[in-house]
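The structure appears right after this line, and notes come after that.
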Amino acid sequence: MGELLPQCDVDYKHSNRYIERFPVPKIFFRLIAATAAVAAALTLSGCTAQELRGFLPSEEGVTNQTSRIIGLWSTSWIVLLIVGAITWGLIIWAALAYRRRKTDTGLPSQLRYNTPIETFFTVVPLILVLGFFAFTARDQAIIEQVNPNPDVKIEVFGKRWAWDFNYLSEDVHFSGVQAREKEDKTVDINSLPILYLPVGKSVEISIESRDVNHSFWILDFLYKKDMIPGKTNHWYVTPEKEGTYRGKCAELCGEYHSLMLFTVKVVSQAEYDAQMQKLRDQDMTGRLGPEYNANQNLPGTDGNTDS
Ligand SMILES: [Cu+2]
């Protein structure tokens with residue numbers, strides 16, 4: 001190359017061609033780099049733990065499933081933000097580098113059928129979509145794995161606008177009422193039905209509805225599942241951290257849907273046993289089964305949702 005240069009008569013550095021190929025002042029790139037560095041530093045240094053896990057309302061280790069769910073969620077966001085940053089960068093660069101100039105006349109050169117670029121723009125999104133699908137399917141298959149021998153079996157009925165909890169392994173139950181709204185429109189937390197779960201024990205939760213479609217959602221467990229009349233869904237989970245968690249219905253089910261709330265208390269085995277005994281002492285033995293469902297004649301059933 002060094003030998004070729006003297007043969008050229010054109011002073012590329014100051015020619016129009018140079019200006020056309022490198023039209024954006026260097027200061028522009030420096031500004032972008034500096035802004036990106038400052039933004040990255042501010043973002044990373046100022047991130048709370050909640051922001052680092054993509055604003056999910058939970059933390060790792062609450063159940064045996066939350067770490068996996070947080071991992072899938074935040075990794076997806078990181079990949080998407082990188083794709084986004086590259087895309088936005090290219091858009092801004094193209095808009096500035098190939099902007100119309102005072103000296104330009106007529107239409108710019110019309111380009112089409114760029115096979116390498118079109119292949120690239122087809123293959124990369126395909127890889128992304130297949131990748132997201134594969135990781136989601138893998139995690140879903142693990143989370144939805146049936147546990148044939150759970151330590152504890154619990155049955156939950158959704159009903160407008162509260163919950164019935166049957167502790168099948170203990171043969172006791174609790175029947176909840178909908179949340180009470182106070183005058184200032186806040187909810188009396190103490191009035192909410194409480195679902196007790198023993199820490200470190202594998203739980204099977206059977207999920208059913210007495211009337212319309214509801215959705216059983218424990219926010220901090222990062223999981224919800226539909227409650228459908230005439231159908232029983234299952235969720236297998238092991239709570240791993242003692243604490244009080246929030247639950248609610250996640251399917252618009254009528255006038256007081258927003259008051260269809262409950263509390264989940266993950267407690268020690270001793271505390272769990274004590275709570276079960278309390279229900280026994282209050283004569284809340286047995287199961288509140290499908291005989292209390294609003295619809296006793298659903299197609300394909302005889303009122304028995306176990307079938
Ligand atoms: Cu509901």
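Kindly evaluate CYS249 against the criterion of being within 16 Å of the ligand (Cβ to nearest atom) and in contact with a Gly (Cβ under 7 Å, 6 or more places away or on another chain). Answer is yes for this residue. Out of all the residues in the range 213-245, which are without any contact (Cβ under 8 Å) to a residue 60 or more places away in the chain and either more than 16 Å from the ligand (Cβ to nearest atom) or outside any loop (DSSP other than H, G, I, E, B) (or both)? Answer for the range 213-245, where residues must be without any contact (Cβ under 8 Å) to a residue 60 or more places away in the chain and either more than 16 Å from the ligand (Cβ to nearest atom) or outside any loop (DSSP other than H, G, I, E, B) (or both): HIS214, SER215, TRP217, ILE218, LYS224, LYS225, ASP226, ASN233, TRP235, GLU242, THR244.
Every residue, every condition in (1) surrounded by 21 or more Cβ atoms within 10 Å (Cβ to Cβ); (2) part of a loop (DSSP other than H, G, I, E, B); (3) within 16 Å of the ligand (Cβ to nearest atom), yes or no:
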| residue | (1), (2), (3) |
| --- | --- |
| ARG138 | no, no, no |
| ASN147 | no, yes, no |
| TRP163 | yes, no, yes |
| GLY200 | no, yes, no |
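For the range 61-79, the count of residues that are surrounded by 10 or more Cβ atoms within 10 Å (Cβ to Cβ), of a type in the set (Phe, Trp, Tyr) and over 29 Å from ALA33 (Cα atoms) is zero.
For residues that are farther than 14 Å from THR263 by Cβ and modelled with pLDDT under 95, scanning just the range 180-198, find the one that is nearest to the ligand (Cβ to nearest atom). Within the range 180-198, the match that is nearest to the ligand (Cβ to nearest atom) is GLU181. Look at (1) away from the ligand (no atom under 11 Å from the Cβ); (2) under 20 Å from the mean Cα position of the chain (by Cα) and you find that SER206 fails only one, number (2). For the range 149-161, a residue qualifies if it is over 23 Å from the mean Cα position of the chain (by Cα) and within 16 Å of the ligand (Cβ to nearest atom), and the qualifying residues are PHE157, LYS159, ARG160, TRP161.
The values are calculated or read from the model by the stated rules, or taken from the named source; none is laboratory data. What you see is a predicted model; the values in this text were computed from it and never measured. FYI the Cβ positions are ideal-geometry reconstructions off the backbone, even for glycines, and counts take in every protein chain you see.
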